[in-house]
Protein chains: 2
Amino acid sequence: MKNKGVLIVISGFAGSGKGTITKELLNRYDNYRLSVSATTRNPRPQEVDGKDYFFVTREEFEEMIAKEELLEYTEYVGNYYGTPKKYVEQMLSEGKDVILEIEYIGAFNAKKAFPEAVLIFITPPSVKEVYNRLKGRNTESEDVIIKRIKRGQEEAEIIDKYDYVIVNDDVETAILDIHNTIQCSKCSSVRNGDFVNKLKNEFDEFLKNY
Amino acid sequence: MKNKGVLIVISGFAGSGKGTITKELLNRYDNYRLSVSATTRNPRPQEVDGKDYFFVTREEFEEMIAKEELLEYTEYVGNYYGTPKKYVEQMLSEGKDVILEIEYIGAFNAKKAFPEAVLIFITPPSVKEVYNRLKGRNTESEDVIIKRIKRGQEEAEIIDKYDYVIVNDDVETAILDIHNTIQCSKCSSVRNGDFVNKLKNEFDEFLKNY
């Protein structure tokens with residue numbers, strides 16, 4: 001039943017804690033792997049090539065598109081972001097559950113390419129809490145925070161296209177909820193067509209003399 | 001997020017252990033309630049009215065149908081079986097998760113009446129194991145066992161209409177898988193339209209001056 005890994009897409013509002021949750025899933029359970037995105041944007045201080053992103057040129061990225069080496073890609077504020085297909089497919093076939101932490105356009109493209117993907121949207125319990133968390137970081141101006149909240153307003157319109165909505169009120173609960181949700185998705189009947197076919201064949205075989 | 005209870009339909013092959021699993025869910029977790037079916041068939045020895053079934057006459061059952069007091073009903077081998085609506089609706093509104101342990105025709109009727117219902121099909125890992133478990137009970141003749149396996153062959157054709165397939169290889173694992181599956185279904189985005197609408201309103205309110 002649980003042979004092939006699950007492709008998991010995690011998105012969420014700014015301040016939803018999606019980064020922390022993804023990191024904890026990877027730390028605590030050995031079945032998860034993180035897909036590293038390719039991007040044409042410049043590395044920020046402390047970002048490591050091959051760990052945070054694969055930093056590539058625009059020409060290199062467009063070559064990946066042309067060679068169909070990307071599972072999904074989007075262009076956002078003048079830069080490309082995309083998911084290299086090879087690593088994801090290899091990990092899934094080894095039974096690992098692969099996490100993509102990406103924005104919604106990429107999420108829906110990934111779902112198109114992999115209809116079995118599980119799309120999870122993480123949200124704080126309220127917009128007030130979104131604001132408080134962004135404010136509490138003390139790293140962004142009020143203007144930038146308002147921009148992020150406007151982006152949140154836009155994202156709220158498409159949450160219903162995700163499979164699951166997880167409220168990150170208490171981070172421990174949220175981590176466990178997401179882990180369980182991913183693991184339970186392996187029991188969905190759409191993922192178990194092969195097993196059901198095996199049973200059908202066994203019934204036919206068993207009953208052929210009756 | 002987790003206010004309203006989930007309607008859970010549990011079905012499975014003879015020998016799947018669905019009865020044991022249902023009993024354990026009810027014993028271990030206080031969020032579950034079992035829906036008691038009404039039937040026109042005669043009580044078996046040790047069956048208790050109001051606990052195993054509500055035993056009613058054909059006239060009484062048909063009155064329940066006429067008054068639309070049943071969530072679903074089917075006629076099977078000359079007898080009616082059905083789920084009284086009132087208890088189920090009351091428990092769901094109190095946030096309890098209500099289990100119906102019923103056959104597939106009833107299951108699909110329940111899904112029609114309650115599209116949010118979670119349909120779970122329980123199966124042993126193989127048909128050989130179905131046979132071994134039925135044989136191991138020492139309560140049924142070979143003829144009856146073969147009849148049950150023929151019924152299983154029929155059921156195998158409709159498993160894909162269930163939401164989840166749970167393999168009961170190890171009963172402890174199966175109980176936990178089913179419990180987690182039910183609880184995770186509460187995070188599905190289709191069940192959380194109200195919460196998402198609340199967020200949308202909060203974004204609009206927050207941003208109205210920007």
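Remarks
- If you go through the range A:158-182 and keep only what is within 7 Å of another protein chain (Cβ to nearest Cβ) and either surrounded by fewer than 19 Cβ atoms within 10 Å (Cβ to Cβ) or not hydroxyl-bearing (Ser, Thr, Tyr) (or both), you end up with A:Ile159, A:Asp160, A:Asp163, A:Val165, A:Ile166, A:Val167, A:Asp177, A:Asn180.
- Against the numbered list (1) within 7 Å of another protein chain (Cβ to nearest Cβ); (2) under 30 Å from A:Leu92 (Cβ atoms), A:Gly152 comes up short only at (2).
- Flag: A:Ser141 does not match the condition of being surrounded by fewer than 12 Cβ atoms within 10 Å (Cβ to Cβ) and touching a residue at least 40 places away in the same chain (Cβ under 8 Å).
- Restricting attention to the range A:1-53, the residues that are aliphatic (A, V, I, L, M), under 13 Å from the mean Cα position of the chain (by Cα) and not in a strand (DSSP E or B) add up to 5.
- Helices (runs of 4 or more DSSP H) contained entirely in the range B:120-192, each with at least 1 residues that are closer than 22 Å to A:Ser189 by Cβ and hydroxyl-bearing (Ser, Thr, Tyr): B:171-185
Conditions (1) touching a Pro at 6+ places or on another chain (Cβ under 6 Å); (2) more than 14 Å from chain A (Cβ to nearest Cβ), marked per residue:
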position: B:Thr39; (1), (2): no, yes
position: B:Lys51; (1), (2): no, yes
position: B:Phe55; (1), (2): yes, yes
position: B:Tyr87; (1), (2): no, yes
position: B:Met91; (1), (2): no, yes
position: B:Glu94; (1), (2): no, yes
position: B:Leu100; (1), (2): no, yes
position: B:Ile105; (1), (2): no, yes
position: B:Asn132; (1), (2): no, no
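- Conditions (1) under 30 Å from A:Tyr76 (Cα atoms); (2) buried (at least 20 other Cβ atoms within 10 Å of the Cβ): number failed by A:Asn192: (1)
Each row is one residue, and each column tells you yes or no for (1) touching a residue at least 60 places away in the same chain (Cβ under 8 Å); (2) of a type outside the set (Gly, Ala, Ser).
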{"site": "A:Pro43", "(1), (2)": "no, yes"}
{"site": "A:Glu59", "(1), (2)": "no, yes"}
{"site": "A:Tyr76", "(1), (2)": "no, yes"}
{"site": "A:Glu116", "(1), (2)": "yes, yes"}
{"site": "A:Ser126", "(1), (2)": "no, no"}
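- Taken as a whole, the structure leaves A:Gln183 outside the set of residues that are farther than 26 Å from A:Arg28 by Cα and of a type outside the set (Phe, Trp, Tyr).
- A:Pro115 being of a type outside the set (D, E, K, R) and farther than 30 Å from B:Glu202 by Cα: yes
- Verdict on B:Asn138 being more than 12 Å from every other protein chain (Cβ to nearest Cβ) and over 25 Å from B:Val36 (Cβ atoms): yes
- A:Val88 being among the hydrophobic types (A, V, I, L, M, F, W, C) and in a loop (DSSP other than H, G, I, E, B): no
- Qualifying residues in the range B:73-111 (those that are of a type in the set (Asp, Glu) and within 25 Å of B:Cys184 (Cα to Cα)) - the one farthest from the chain's Cα centre (by Cα): B:Glu94
- For A:Glu63, the conditions (1) surrounded by 19 or more Cβ atoms within 10 Å (Cβ to Cβ); (2) at pLDDT 95 or above; (3) more than 21 Å from A:Val98 (Cβ to Cβ) are fulfilled apart from (1).
Okay, residues lined up against (1) at pLDDT 95 or above; (2) closer than 27 Å to A:Lys112 by Cβ:
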position: A:Glu157; (1), (2): yes, yes
position: A:Tyr162; (1), (2): yes, yes
position: A:Ile166; (1), (2): yes, yes
position: A:Ile175; (1), (2): yes, no
position: A:Gln183; (1), (2): no, yes
position: A:Ser189; (1), (2): no, yes
position: A:Asp194; (1), (2): no, yes
position: A:Lys200; (1), (2): yes, no
position: A:Phe203; (1), (2): yes, no
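- Selection of the range B:190-210 for residues being over 17 Å from A:Asp169 (Cβ atoms) and either facing another protein chain (nearest Cβ under 7 Å) or free of Cβ contacts under 8 Å to residues at least 24 places away in the same chain (or both) yields B:Gly193, B:Asn197, B:Lys200, B:Asn201, B:Phe203, B:Asp204, B:Glu205, B:Phe206, B:Leu207, B:Lys208, B:Asn209, B:Tyr210.
The values are calculated or read from the model by the stated rules, or taken from the named source; none is laboratory data. Bear in mind that the values here come from a model prediction, so they are computed numbers and not experimental data. Every residue, glycine among them, receives a Cβ derived from its backbone with ideal geometry; neighbour counts consider all protein chains shown.
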